[in-house]
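Data first, discussion second: the structure below is written as C-alpha cells.
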C-alpha cells in the first residue's frame, strides 16, 4: 500500500504528550522530538519556512511520521532521551551517556544513605528515577529530609566501625530550619531523647522514604494530616502549617516516571485492540530500564480470529523482524509462546503501567488509522461502522437507515414530536420530519409516541418507501412499549428492529428483555446513537419553540378589537408573519385592509408600545 500523504498523517495526530519520529524515503529516522501536544508541535514544522536552512532541508526529506503517546510531558522528555541515544538520528544533537538523567539512590548499607547520582551500579542498592532535572531530585531529597532524619552523600562515616559494631547504634540528629541534620553515630545513650534515632526506627523511616519515591503517598499523607490536626487542636498553628505545606508538596510532585524502572530490564511488552475487520498490536522494547523501541502493527482479519491468535502471530512476526532475543514478555492476557519465553500478565505496579502504556498506544494507532480511512476511503469507513453497529446492537442487518423519535411539550401545551433520519451513520436532514400531536389531550408522552410512530410508518407503507433497519426511541421501557403498539398495529414488529435509550445511564432497552444493554461509553456505536438522540431532541425543541412563538403572535392578532378572521388572513398573506404586521407603517396597512381597519391595527400596536 502506498504511504499516506504528510497532510493526512498530520490531520490524524493526537492532541497528547509524546515523542514523534520523522522518517525519510528509505524509512530511516531523521529526527526524534518530544511534544506536549503532538498534533500542534508536528504540524508547526510544515506551516512555515524556518529561519535555519537545516530545518527546511529536514522538512523536505520527511516522508512519514510515527509517534509514541505517553502520560506527561516529563515522560516524553525521558523517552526522547532514550531513543536519541539508541538511534542517534542525523538531525538530533548527540546525547552522550555521561550527561544522562539523575537518579535517587538508597545505598545498600546498614544505615542507608539517600543521595542523587547519574550512575546506576549493580551493588544491591535501590535506584529511583530517572528524573527530568537535578532540581526535581533536590526538591524530592529536601522533602524527605524535612520529614525524616536521613544520611546524605556528603556526610561520611567509618563503614567498618558501623558494620562491625555489635552494640546498638543510634543516629544523633538535630532539627534545623525544618530539616533534620544527622550529626553522627552514638552507642546507646544513657537517656533516650527525640534527638536519637534507633536503627529499627531508621529502617522504618526508610520504608516511608521508599513509599514516597514509589509515589505511594496515601499512608504518609494520612499521618501528616493527623499531625496537622493534632497541632491545630492545640492552637499550635505554626507547627500545623508546616505539616500542611508538606502535604501540599507531596501532592504536587510526581515521584516516578511511567517510562522507566531500573528493575525492569530486557523485556518485551505487547498489547492488542481490535474491531470487526482489523487488529492493532503495539510492542515496546525495554532494555536496562528504558524504552528503546516502539512499534504498532496492523493486521487485517481474514476469518473470525480471536485476539489471542492475532497477538501470538504478531509477537512471532515482530520478534523475527527486529531480531529480538528477550526471554521475558509482558502481556495483557496469557497466550502460548513456547517454553523458551517467560510470559507475565501483570495486574498491578510498574509492569502493569507498561502494559497500560502499550495499550494506550495501540488505541491511538487504531484511532489514527480510522481517521485516515475516513478521509482516504469513505466507503471502507462506512462499511466498518455498519458492521460494528450490527455486532454491538445484535441486529440481523447492518443499520444503514436509522430513524429516531423524540417528544417535546411544556406542561402539555403545543405537543410536538420529531423524527430524524441517519443514512450510513450521517444525518439526512432533508428526510427529517416533525409532527404536531393531534389525538392526545394533555401531557401524555406514551400516547404521543404511539401516535407519531403509527403515522410515520403508515405513511411510508402507503407511499411504498423503504423502511429503516433500526428505530431508536428516546426514552426507557415506557416509551419503547408505546412505540411497539404502533408497529404491532401495522404488522411491522418482525420487519424493523427497535430499541429505546434512557438518558440517565445511557441504557439500551430491547422489546421483551428486562435487562438493558450497556455499551462502552467511548464506543462509536453509542456515540452515533447519542448523536441521533441529541439531533432528534434539538429538531423537536426548535419546532416546538417556533410553534409556541407563532401561536403567541397569532393570538395577539386575534385580540385586536374590530379585526375579524378575513382581515387577519389578508394581513398574514401580505406581511407573511404577525411580527411584520406589528412593525408595518400606517400607509402600508391602508393599502391592504383600508383606512378604518388599518387605523385600528396601527393604534393597537403603537399605543401598546408607547405604554
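The values are calculated or read from the model by the stated rules, or taken from the named source; none is laboratory data. Predicted, not measured: the structure shown is a model, and the values here were computed from it. Cβ coordinates were reconstructed from backbone atoms using ideal geometry, including for glycine residues, and neighbour counts include every protein chain displayed.
Quick rundown of the values:
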{"read-out": "Residues (more than 24 Å from residue 84 (Cβ to Cβ) and either modelled with pLDDT of 85 or more or assigned to a strand (DSSP E or B) (or both)) located in the stretch 265-296", "value": "270, 271, 272, 273, 274, 278, 279, 280, 281"}
{"read-out": "Some residue of the stretch 20-36 being buried (at least 17 other Cβ atoms within 10 Å of the Cβ) and under 16 Å from the mean Cα position of the chain (by Cα)", "value": "no"}
{"read-out": "Single condition residue 453 does not satisfy, out of (1) in contact with a strand residue (DSSP E or B) (Cβ under 6 Å, 6 or more places away or on another chain); (2) part of a helix (DSSP H, G or I); (3) touching a residue at least 40 places away in the same chain (Cβ under 8 Å)", "value": "(1)"}
{"read-out": "Residue among 172, 246, 190, 230 that is at pLDDT below 85 and exposed (fewer than 14 other Cβ atoms within 10 Å of the Cβ)", "value": "190"}
{"read-out": "From the options 513, 542, 474, 488, residue that is modelled with pLDDT of 90 or more and more than 30 Å from residue 589 (Cβ to Cβ)", "value": "488"}
{"read-out": "The stretch 372-393, residues that are surrounded by fewer than 16 Cβ atoms within 10 Å (Cβ to Cβ) and over 16 Å from residue 510 (Cβ atoms)", "value": "375, 376, 377, 378, 379, 380, 387"}
{"read-out": "Hits in the stretch 37-87 (condition: in contact (Cβ under 8 Å) with a residue 40 or more places away in the chain, within 29 Å of the chain's Cα centre (by Cα), in a helix (DSSP H, G or I) and buried (at least 16 other Cβ atoms within 10 Å of the Cβ))", "value": "74, 75, 76, 77, 78, 79, 80, 82, 83, 84"}
{"read-out": "Any hit, the stretch 497-514, residues being in contact with a helix residue (DSSP H, G or I) (Cβ under 8 Å, 6 or more places away or on another chain), in contact (Cβ under 8 Å) with a residue 24 or more places away in the chain, part of a helix (DSSP H, G or I) and more than 26 Å from residue 275 (Cα to Cα)", "value": "no"}
{"read-out": "Strands (runs of 3 or more DSSP E) contained in the stretch 394-439 and holding at least 2 residues surrounded by 16 or more Cβ atoms within 10 Å (Cβ to Cβ), modelled with pLDDT of 90 or more and at negative phi", "value": "401-410, 413-423"}
{"read-out": "Condition met for residue 532 (assigned to a loop (DSSP other than H, G, I, E, B) and either modelled with pLDDT under 85 or surrounded by 11 or more Cβ atoms within 10 Å (Cβ to Cβ) (or both))", "value": "no"}
{"read-out": "The stretch 317-327, residues that are exposed (fewer than 15 other Cβ atoms within 10 Å of the Cβ) and either modelled with pLDDT of 90 or more or not in a loop (DSSP other than H, G, I, E, B) (or both)", "value": "317, 320, 321"}
{"read-out": "Selection status of residue 290, assigned by TED's automatic domain parsing to the domain that holds residue 339, touching a helix residue (DSSP H, G or I) at 6+ places or on another chain (Cβ under 6 Å) and on the phi < 0 side of the Ramachandran plot", "value": "yes"}
{"read-out": "Criterion: over 29 Å from residue 291 (Cα atoms), assigned to a loop (DSSP other than H, G, I, E, B) and modelled with pLDDT of 65 or more - qualifying residue of 90, 119, 110", "value": "110"}
